[in-house]
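Step one of this worksheet: look at the structure below.
Just so you know, all these numbers are worked out from the coordinates, no wet-lab data involved. Small disclaimer: the values here were computed from a predicted structure and weren't measured. Methodologically, a virtual Cβ is constructed for each residue, glycine included, from the backbone with ideal geometry; neighbour enumeration extends over all protein chains shown.
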Amino acid sequence: MNQEEMKARTKAFALKIIKIIESFPHHRTAEVMAKQLLRSAMSVGANYRAACRAKSSADFIAKMGIVEEEADECIYWMELLVDSGLINHNDLNYLMEEANELLAITVASIKTARNRKR
């Protein structure tokens, strides 16, 4: 997958999160978790774009590390929403799968960059 495809995919992920959050119940707890999920989902794409403009391999690896953390955080918040019973697993399943795929792609990119750096 090239950079432009990954940029588009991370942006689409954030947009899908935005859309689904609008359907969440208006409970205080759900709203707090939705806000955290929204922040981390938008951060995945924003930090990936920053990684694409990295000034060195070390800078790229560091910025991709942030992408990795934010993608994993998205998974965490979605798991909490499901496990708490606030959101049905079926409503988030495809987004959880996408977050896991983005995480796997990111980890693979970091490993490749580290191997090239050696």
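Using the count of nearby Cβ atoms within 10 Å as a rough guide to exposure, how do Met33, Met78, Met1 rank from fewest to most?
Going from least to most buried by this count: Met1, Met33, Met78.
Provide the FRET efficiency to the nearest 0.05 for the Met1-Arg39 pair, computing r from the beta carbons and using R0 = 41 Å.
0.95
On a 22 Å Cα-Cα criterion, which of the cross-link pairs Lys19/Lys55; Lys16/Lys111; Lys19/Lys111; Lys16/Lys55; Lys11/Lys117; Lys55/Lys117 come out too long?
From Lys19/Lys55; Lys16/Lys111; Lys19/Lys111; Lys16/Lys55; Lys11/Lys117; Lys55/Lys117, over 22 Å: Lys19/Lys55; Lys16/Lys111; Lys19/Lys111; Lys16/Lys55; Lys11/Lys117.
Here are a few candidate values for Rg and Dmax of the Cα atoms in Å: [x] 16.1, 58; [y] 17.0, 53; [z] 14.9, 50. Which one was actually calculated from the structure I just gave you?
Of the labelled values, this structure produces [z].
Considering Cα pairs under 8 angstrom that are at least six residues apart, work out the relative contact order of the chain and quote it in whole percent.
27
How big is the gap, in Å, between the Cα center of segment 1-41 and the Cα center of segment 55-107?
Here the answer is 10 Å between Cα centres.
I want the local charge near Glu31. Using Cβ-Cβ distances under 14 Å, sum +1 for each Lys or Arg and -1 for each Asp or Glu among the other residues.
So the surrounding residues net to +2.
Once Lys and Arg get +1 and Asp and Glu get -1 on their Cβ, which of Thr29, Leu95, Leu81 lies farthest toward the positive end of the dipole of the chain?
Going by the Cα projections, it comes out as Leu95.
Given R₀ = 25 Å, FRET efficiency for Glu101-Phe24 by Cβ-Cβ distance, to 0.05?
The formula returns an efficiency of 0.65 here.
I need the GluC sites (Glu not before Pro) found in segment 1-87, filtered to DSSP loop residues with at most 13 other beta carbons within 10 Å of theirs.
Those that pass, being in a loop and sparsely packed, are Glu22.
Under a point-charge model restricted to the Cβ atoms of Lys and Arg (+1) and Asp and Glu (-1), what is the dipole moment magnitude of the chain relative to its Cα centre, in debye to the nearest 20?
With only Lys, Arg, Asp and Glu charged at Cβ, the dipole is about 800 debye.
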